[in-house]
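Some notes on the structure that comes next.
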Amino acid sequence: MSDQPAFVCQEIVELVTEYLDGGLEPSERLAFERHVAICPPCRGYLSQLRRVSRVAGGLSEDDVPESLRTSLLEAFRGWKSGPRAK
Amino acid sequence: MRAYKFLAHGSSGRFSEFSWPRPAGAEPGAWVAATERLEDCRHGVHACTPGQLLDWIDDELWQIELAGEIVVRDAMVVAERGRLLELVVQWDGQTAQNFADACAWRARDYALNSLRRVGLTDEAERLVSAVELREMQTGAVAAFERSDGEAAELAGFAADAVSLAQGRRPEMWDPARPVTLVEPVQTPGATAANLAFVVAHAAGRGAVAAAGSETAYDDGFAAERKWQLAWLSERLGLPTDE
């Protein structure tokens with residue numbers, strides 16, 4: 001087998017943020033891209049995440065309406081204090 | 001240096017998302033230059049030699065001219081500047097699908113070799129006599145259910161290969177299930193890239209089974225990649241660099 005790292009889909013999901021931030025080592029970047037090139041679901045995943053990143057990256061805190069901000073904060077607090085999902 | 005570059009639909013880089021300037025008439029596209037020092041998968045114009053095509057299969061294949069500093073790696077070529085010269089028109093959705101189908105038939109061959117090796121000759125003959133992929137898949141599923149070990153593994157790969165060639169998930173062996181279950185719908189280029197790799201892996205597993213040694217994997221994988229590259233080179237009229 002090759003000495004180069006080879007990733008499976010789960011690792012691609014775990015590494016995609018680091019990849020987009022430019023944080024992977026050169027050999028890992030190459031392995032990441034080689035996997036994405038031959039894996040249609042990972043191609044789609046990377047493409048979707050980039051779209052989300054572009055859209056979300058254009059938002060500031062001020063873009064969130066106060067009412068939505070309040071309801072989101074309540075939901076997060078409720079989630080944190082509520083029973084853990086099994 | 002002349003090289004090749006696969007791009008996604010719309011002539012955009014799969015990883016950079018850069019929209020490449022296309023040639024206009026007989027004029028090549030505009031030069032695109034790296035803005036920072038060359039770095040693999042990060043900075044520079046990335047392309048490949050004919051022998052490196054299989055790793056980067058995508059929707060469009062272009063001839064590209066590279067200039068300035070050029071670094072040839074095992075898996076790619078990275079250059080300071082590049083411009084698109086000409087679309088390889090032979091590589092289109094139909095050719096990609098034909099390539100995927102050819103790879104699926106190769107998976108059949110690895111399965112039947114294994115079935116013969118373990119003495120399941122009736123199951124092997126059923127695969128030999130199949131003239132359509134779905135018929136082959138039915139035979140592969142039946143062989144999978146009647147075998148175990150290497151034969152089951154390779155018959156399973158053959159059945160998977162037919163699903164993959166049709167843009168389905170590999171385990172979707174039931175032909176009655178609609179293709180639209182796959183979301184998002186993938187392009188023939190993505191299907192071809194995926195299936196070619198899967199079948200090379202099946203070839204590696206078949207080589208391991210035949211030799212009784214895990215060390216045979218690389219040779220089996222490489223032999224299948226060589227066959228795939230020859231298929232592409234012949235259909236696309238590309239030179240070989242081996």
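Label-to-label distance, A:Tyr45 versus B:Trp31, with points set 7 angstrom from Cα along the beta-carbon direction: 4.0 nm. Around the Cα centre of region B:87-242, unit charges on the Cβ atoms of Lys, Arg, Asp and Glu (plus for the first two, minus for the last two) sum to a dipole of about 200 debye. Please state the shape class of the protein assembly as shown: rounded when a/c is under 1.5, otherwise prolate if a/b exceeds b/c and oblate if not, all from the C-alpha gyration tensor. Here the protein assembly as shown falls in the oblate category.
Would you mind telling me which residue in B:Arg169, B:Arg37, B:Arg146 has the biggest mean-square fluctuation in a Gaussian network model of chain B, where springs connect alpha carbons within a distance under 10 angstrom? With Cα springs under 10 Å in chain B, the top fluctuation among B:Arg169, B:Arg37, B:Arg146 is at B:Arg37. As an equivalent ellipsoid, region B:94-236 spans semi-axes of 23, 19, 13 angstrom, where each value is the square root of five times an eigenvalue of the C-alpha gyration tensor, largest first.
Which of rounded, prolate, oblate describes region B:1-117, given a ≥ b ≥ c as roots of the alpha-carbon gyration tensor eigenvalues and a/c under 1.5 marking rounded, otherwise prolate only if a/b is larger than b/c? Prolate is the answer for region B:1-117, as a/c is 1.5 or above and a/b outweighs b/c. Max-minus-min Cα coordinates of chain B on each principal axis give 59, 40, 28 Å, with the largest extent listed first.
Taken together, the values in this text are just the output of simple stated rules run on the coordinates, not laboratory data. None of the values given here were measured: they were computed from a predicted structure. Counting neighbours? That spans all protein chains shown, and the Cβs are built from the backbone with ideal geometry, glycine included.
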